[in-house]
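What follows is a single structure, written as structure tokens, with notes after it.
The values are calculated or read from the model by the stated rules, or taken from the named source; none is laboratory data. Computed from a predicted structure; not experimentally measured. Note: ideal-geometry Cβ built from the backbone for every residue, glycine included; neighbour counts use all protein chains shown. Heads up: the accessible areas ignore ligands, DNA and RNA and are worked out on the full protein's heavy atoms, side chains in. Shrake-Rupley method; radii C 1.70, N 1.55, O 1.52, S 1.80 Å.
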Amino acid sequence: MVAHETAAQGGFEGSRARSERSGGSPSLKLTIARVLAFGAAAGLVIVYALAGGAYDIVVRQEYGLVLWWVLGIGIACGLLPRAAPGRFTVILLGAIAAYLGWTALSLAWTDSLERTTAELARVVDYVGLVALIAAVLDRQTWRAAAMGLAFAALLVCALAVASRLVPAAFPANPLQQANATNRLSYPLGYWNAVGAWAAMSIAMSLAWSAHDQSRLRRVIALGLAPVAALAAYLSYSRAGLAGAALGVVLVLVLSRNRLTAFLHAAAAAAAATIAILAVRAAPEIARGTGTRGVGSVFGALVLAVALSGAVGFLTGFAGLDRAHLPRRLVRSLLVAGAAVLAFGAVAFGPRIATKAWRQFRHPAVVTTTDPTSRLTQFSGTRYDVFKAALNAFTAHPITGTGAGTFEFWWERHQSSPEFVINAHSFELENMAELGAPGAALMVSVMVAALALLAAVRRRCRRSVSVGASTALMAAFAVYLLQASVDWLWQSTAVTVLAFAGVAVAGARESRSMRELRWPVRAGVAFLAACAALIQVPGLLSTAELRRSQTAERAGNAQLALAWAKASVSAEPWAASPYEQRGLVLESAGHLDLAAADLRRAVSHERSNFRHWLVLARIQTERGAFANAHRDYMQARQLSPRGAVWDYAPYFKTR
């Protein structure tokens with residue numbers, strides 16, 4: 001291995017560095033460290049993915065609590081950090097910290113302290129993820145961790161496909177049981193998240209298979225590419241399709257072994273086509289309504305995996321990596337390709353763009369039962385949601401409405417009765433919720449991450465390092481595309497996969513360091529403890545609120561009230577606990593106390609029409625009809641086009 005790839009520095013063992021420089025076998029200690037790095041990275045991704053994508057606030061903040069406690073205890077005990085983070089990692093952490101600070105500052109003007117606190121905890125989680133990975137990995141273990149991320153991502157794709165082929169072996173999907181969707185959503189809980197995950201996995205698969213020197217690992221990486229492609233297909237995600245295309249292009253551009261990468265991409269595409277055609281021939285599998293035809297689909301998938309894996313083996317066996325196309329031929333091909341694209345853009349671009357824009361602005365009613373029909377048109381509700389986000393930014397260009405509060409703006413200004421929480425774009429959502437400063441800080445985070453990945457890719461020399469850096473950079477670029485048109489920032493597992501890849505790549509640039517002095521360790525451990533404690537109020541409050549709801553449904557009013565009180569105590573600035581306690585009191589007939597709690601909920605979240613509507617009902621039960629009318633009309637003003645009014649129509653008081 002070349003000297004700058006191993007970087008024998010004072011913080012690493014001299015024998016380990018000498019072994020790496022001389023090309024000898026790594027020491028046992030280094031081998032164990034790499035195995036642990038591989039397993040930890042893979043385990044991290046799998047744990048987040050299999051917990052419903054860790055979208056749920058309780059799961060997400062439990063994991064955030066663990067991340068920060070591990071980091072804090074490791075630093076306090078002198079076990080961490082293993083190396084000093086590189087310059088680009090420090091810049092990335094600084095950018096995220098600045099964004100975190102502006103998010104915290106929005107507590108001063110937000111429409112909901114509860115929602116903004118939850119978003120603050122989310123950003124703290126992501127900071128903890130990057131910081132912990134930077135503290136654990138070093139230049140000797142980053143490639144093993146990158147390999148672990150790729151393997152785990154592909155394994156999750158395999159589980160996703162298996163959930164469609166053998167649904168009885170996996171948790172029930174309520175949406176599919178209600179025939180509400182035919183799109184693959186396991187295990188992340190959201191089909192577009194599955195599409196994004198699969199697209200990122202395809203990019204990592206192709207990059208690793210084109211550069212890894214181990215034939216076995218090449219076979220595994222390329223063999224699983226058709227599985228990831230089938231997962232993307234079954235999600236029926238247009239963004240997933242675009243992300244997969246972007247990932248393939250970036251792998252071809254960033255790879256050293258472009259000829260191998262091209263052949264692998266072609267082989268994976270051909271193999272995936274076999275599996276997709278088998279799915280299309282089995283309508284129940286395609287629509288998620290049954291398992292008829294599962295045998296043929298499984299057989300086709302096995303064939304696809306075998307063919308793709310065989311290509312990976314043969315390219316490695318034949319030494320194709322050493323073959324390079326002449327530069328003149330490459331340039332000619334690029335010029336020819338650019339000419340074809342330019343001709344197509346001029347000849348067909350305006351017509352296609354006009355049609356796409358018309359569909360985007362005026363969605364058509366889709367009558368076909370073919371789930372793939374949505375892949376060929378742009379109908380949907382994104383236009384209305386994006387427009388609402390831009391209007392929110394226009395109304396509050398500096399401050400925004402407060403982190404996590406776009407839902408309330410949408411309800412006041414929505415053009416359709418659709419239920420929307422997020423703006424389906426990290427750029428537009430930050431503009432709406434945090435104004436221009438928040439959007440600029442978020443963009444700076446993404447730019448810092450790309451700069452880190454680009455620097456690592458540029459400095460890599462060994463083939464396997466090029467493959468690892470290419471995989472991580474292509475996957476993150478795919479994530480950026482997906483997050484620009486969907487709420488993947490809130491889909492925790494997908495964001496964890498993306499930023500874990502950035503942090504792992506950053507470990508390539510880590511440096512040796514002296515042992516931290518105890519005052520520094522104490523200070524950093526204290527900050528880690530504070531970050532961990534940020535997770536506690538929302539975590540406890542939500543968990544206790546849900547226990548209260550469970551007890552209420554079971555008919556145990558006394559226990560439901562006790563849990564509701566505990567929820568209020570855990571997060572007294574939040575509106576939801578007061579609403580829950582008010583509902584329990586209402587059921588018990590304590591209407592005056594219930595009305596008081598709903599008024600408290602309203603005071604904490606004045607833009608949430610739900611609190612006003614529940615308060616109106618309680619006022620009606622109390623006989624305070626004038627107050628009920630006032631509160632009801634306030635609710636109508638806060639959500640004039642909400643679907644709820646089909647069930648709670650306008651009434652007149654006497």
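Descriptive notes on the structure:
- Just so you know, in segment 466-494 the residues that are in contact with a Lys or Arg (Cβ under 6 Å, 6 or more places away or on another chain) and over 20 Å from residue 185 (Cα atoms) include one that is surrounded by the most Cβ atoms within 10 Å (Cβ to Cβ), and it is 468.
- Test result for residue 168, farther than 19 Å from residue 237 by Cβ, modelled with pLDDT of 90 or more, in a helix (DSSP H, G or I) and open to solvent by 60 Å² or more (accessible area, probe 1.4 Å): yes
- Residues that are assigned to a helix (DSSP H, G or I) and either open to solvent by 50 Å² or more (accessible area, probe 1.4 Å) or more than 19 Å from residue 210 (Cβ to Cβ) (or both) within segment 306-329 comprise 306, 307, 313, 314, 317, 322, 327, 328, 329, listed in sequence order.
- Of all residues in segment 253-288, exactly one satisfies the criterion of being surrounded by fewer than 18 Cβ atoms within 10 Å (Cβ to Cβ), of a type in the set (A, V, I, L, M) and closer than 18 Å to residue 468 by Cβ, namely 253.
- Looking across segment 547-584, the residues that are among the small types (Gly, Ala, Ser) and surrounded by 22 or more Cβ atoms within 10 Å (Cβ to Cβ) come down to 548, 560, 564, 567, 574, 575, 576, 582.
- If you go through segment 288-303 and keep only what is touching a Leu at 6+ places or on another chain (Cβ under 8 Å) and part of a helix (DSSP H, G or I), you end up with 294, 297, 298, 300, 301.
- Hey, residue 155 modelled with pLDDT of 95 or more and open to solvent by 30 Å² or more (accessible area, probe 1.4 Å) or not: yes
- Looking only at segment 600-615, residues that are surrounded by fewer than 23 Cβ atoms within 10 Å (Cβ to Cβ), in contact with a Ser or Thr (Cβ under 9 Å, 6 or more places away or on another chain) and free of Cβ contacts under 8 Å to residues at least 40 places away in the same chain come to 2 in all.
- Some residue of segment 501-516 being within 20 Å of residue 456 (Cβ to Cβ), buried (at least 18 other Cβ atoms within 10 Å of the Cβ), of a type in the set (S, T, N, Q) and touching a Gly at 6+ places or on another chain (Cβ under 9 Å): yes
- Restricting segment 334-350 to residues that are at pLDDT 75 or above, open to solvent by 70 Å² or more (accessible area, probe 1.4 Å) and of a type outside the set (Phe, Trp, Tyr), the residue that is farthest from residue 286 (Cα to Cα): 335
- Residue within segment 72-93 that is farther than 21 Å from residue 448 by Cβ, under 20 Å from the mean Cα position of the chain (by Cα) and not in a loop (DSSP other than H, G, I, E, B) present: no
- Whenever a residue of segment 530-556 is within 14 Å of residue 59 (Cβ to Cβ), its partners that are in a loop (DSSP other than H, G, I, E, B) and not basic (Lys, Arg), lying with C-beta atoms within less than 7 angstrom and at least six residues away or across chains, give the pairs 538/571.
- Sub-9 Å Cβ pairs linking a first residue in segment 460-489 that is at negative phi and assigned to a loop (DSSP other than H, G, I, E, B) to a second residue that is of a type in the set (Val, Ile, Thr) and open to solvent by 10 Å² or more (accessible area, probe 1.4 Å), at least 6 apart or interchain, are 461/2; 462/2; 487/421, ordered by first then second residue.
- Looking at 36, 44, just one residue is modelled with pLDDT of 95 or more, crowded, with 18+ Cβ neighbours inside 10 Å and within 26 Å of residue 465 (Cα to Cα), and that residue is 44.
- Among residues of segment 403-442, those that are in contact with a Ser or Thr (Cβ under 6 Å, 6 or more places away or on another chain) and in a loop (DSSP other than H, G, I, E, B), counted: 5
- Pair list, Cβ < 6 Å and 6+ apart or interchain, from segment 374-395 residues that are farther than 11 Å from residue 423 by Cβ to residues that are among the charged types (D, E, K, R) and at pLDDT below 80: 383/361
- One residue from 419, 378, 408 being surrounded by fewer than 14 Cβ atoms within 10 Å (Cβ to Cβ) and hydrophobic (A, V, I, L, M, F, W, C): 419
- Residue in segment 387-397 that is part of a helix (DSSP H, G or I), open to solvent by less than 40 Å² (accessible area, probe 1.4 Å), aliphatic (A, V, I, L, M) and closer than 30 Å to residue 86 by Cβ present: no
- Applying the set (1) under 30 Å from residue 455 (Cα atoms); (2) open to solvent by less than 20 Å² (accessible area, probe 1.4 Å); (3) assigned to a helix (DSSP H, G or I) to residue 68 leaves exactly one unmet item: (2).
- Within segment 255-273, the residues that satisfy the criterion of being in contact (Cβ under 8 Å) with a residue 12 or more places away in the chain, within 22 Å of residue 318 (Cα to Cα) and not in a loop (DSSP other than H, G, I, E, B) are 258, 259, 260, 261, 263, 264, 265, 267, 268, 269, 270, 271.
- Odd one out for residue 595, checked against (1) open to solvent by less than 10 Å² (accessible area, probe 1.4 Å); (2) touching a Ser or Thr at 6+ places or on another chain (Cβ under 9 Å): (2)
- Count - residues of segment 465-477 that are under 13 Å from residue 211 (Cβ atoms) and either aromatic (Phe, Trp, Tyr) or at pLDDT below 95 (or both): 0
- Condition check for residue 137: buried (at least 23 other Cβ atoms within 10 Å of the Cβ), at pLDDT 95 or above and within 21 Å of residue 460 (Cα to Cα): yes
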